[in-house]
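Here's the structure, in structure tokens; my notes come after.
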């Protein structure tokens with residue numbers, strides 16, 4: 001669904017900055033299942049609403065601090081390693097790109113990159129298992145490369161600088177409130193993508209930005225992003 005009342009800046013889009021989890025890959029439901037199962041073993045029971053509000057779109061350091069603050073439970077390095085190992089196994093067998101994405105990416109005629117709160121290892125595995133790595137040719141940036149992760153604008157501004165594009169010429173595609181906040185703070189155009197399986201019943205949105213559910217809607221909003229519009233396929 002799109003909101004016709006939201007107007008985009010008229011400056012041309014030269015770079016699309018994709019979030020990874022929940023945007024490029026349908027991973028958040030898998031990640032939530034693995035994380036919540038491990039937390040429950042520590043006596044930490046988290047609702048779906050809590051997950052979406054406090055974990056979705058944030059890096060693991062934020063999750064660790066939030067669990068300590070709200071539940072007085074320390075997530076040790078051993079916990080993080082267990083989470084990493086379990087997630088890799090789950091991704092290898094279950095992870096898929098979001099619907100229509102393999103159709104969309106070859107049509108784009110502007111620069112693209114990935115900017116994610118996930119670790120370098122996590123995003124590398126995600127793009128590998130879904131056969132998406134060739135589309136980004138090493139243009140992958142993570143919160144480990146900046147001082148402040150989302151919702152701060154640091155990662156998006158860093159990504160734009162590395163790609164040689166001004167913020168006003170960037171379009172960020174995000175699913176999380178933290179990511180949307182970061183894009184707005186960076187003064188970039190932003191679209192909320194809700195096509196991931198984890199967003200089916202989610203309405204807890206902090207910002208009124210244009211929202212799309214299918215990738216063809218992106219090209220309907222920005223037909224100049226591809227050389228020849230081939231929406232039906």
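Only the coordinates and a few stated rules stand behind these numbers; no lab work does. Nothing here was measured: the structure is a model prediction, and the numbers come from that model. Don't worry about glycine lacking a Cβ; one is built from the backbone with ideal geometry, like all the others, and counts go over all protein chains shown.
Tabulated data
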item: Potential extension, residue 200-residue 72 segment - 0.36 nm per residue separation minus Cα distance; result: 43.0 nm
item: For the stretch 150-180 versus the stretch 73-147, the gap between their alpha-carbon centres in whole angstrom; result: 16 Å
item: FRET E, pair residue 103, residue 137, Förster distance 25 Å, beta-carbon r, rounded to 0.05; result: 0.85
item: Estimated inter-spin distance, residue 124 and residue 84, nm [label 7 Å along Cα→Cβ]; result: 1.1 nm
item: Simple label model, 7 Å out from Cα along Cβ direction - residue 161 to residue 220, nm; result: 3.8 nm
item: Descending Cα extents along the principal axes, the stretch 28-94, whole Å; result: 33, 25, 20
item: The chain: relative contact order in percent, alpha carbon pairs under 8 Å with at least 6 residues between; result: 30 percent
item: Efficiency of FRET from Cβ geometry, residue 37 and residue 145, R₀ 35 Å, rounded to 0.05; result: 0.70
item: Residue of 41, 32, 150 that the Gaussian network model of the chain assigns the largest fluctuation, springs spanning Cα pairs under 10 Å; result: 41
item: Relative intensity, log₁₀ I(q)/I(0), of the stretch 70-144 from a Debye sum that treats every alpha carbon as a point, q = 0.11, 0.21, 0.23 Å⁻¹; result: -0.37, -1.02, -1.14
item: All Cα pairs of the chain, percent lying beyond 27 Å; result: 30 percent
item: Residue exposure sequence - 170, 226 - by fewest surrounding Cβ within 10 Å; result: 226, 170
item: Sorted by Cβ density within 10 Å, fewest first, the residues 188, 163, 199; result: 163, 199, 188
